[in-house]
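Chemist: Got a structure for you, written out below as structure tokens; questions coming shortly.
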Amino acid sequence: MVVSVKIKPNAKQSTILGFKDGCLIVSVKEQPIEGKANKAMVELLAKHLGVAKSCVKLLKGAKSKLKKVEIECIEENTLKRLLGGDVKGADL
């Protein structure tokens, strides 16, 4: 499933904040330098969802705060329950 994600780098702590306007808001401690924030986002999502990092793929937005992330290896119902929001397939 593809999810729209808005990332907030340089945060005090890395956490998933929930959904706002159809976007999953994720804050990470890392700076957006050399893909460090993107890597931290993938690791955080994988850990929170209980899937391997290889199951969370950045599709679009490597240099943007707005991203499209594909999450595999998990059923849609489980994904919705774990993210606690209105998970909808994102338009590419």
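Chemist: Just the residues that are touching a residue at least 60 places away in the same chain (Cβ under 8 Å), of a type outside the set (S, T, Y) and part of a strand (DSSP E or B), please, taken from the range 1-14.
Modeler: Residues satisfying the conditions are V2, V3, V5, K6, I7.
Chemist: Which pairs have Cβ atoms under 9 Å, sit 6 or more apart or on different chains, and link a residue in the range 15-36 that is closer than 14 Å to L82 by Cα and of a type in the set (F, W, Y) to one that is at pLDDT 90 or above and not in a loop (DSSP other than H, G, I, E, B)?
Modeler: Note: pairs meeting the criteria are F19/I25.
Chemist: Can V87 be described as modelled with pLDDT under 95 and surrounded by 16 or more Cβ atoms within 10 Å (Cβ to Cβ)?
Modeler: Criteria met by V87.
Chemist: Also: May I ask you to verify whether L45 is at pLDDT below 95 and on the phi < 0 side of the Ramachandran plot?
Modeler: no
The values are calculated or read from the model by the stated rules, or taken from the named source; none is laboratory data. Predicted model, so just to flag it, every value in this text is computed and none were measured. When we count neighbours, we look across all protein chains shown, and the Cβ atoms used for this are built from the backbone with ideal geometry, even at glycine.
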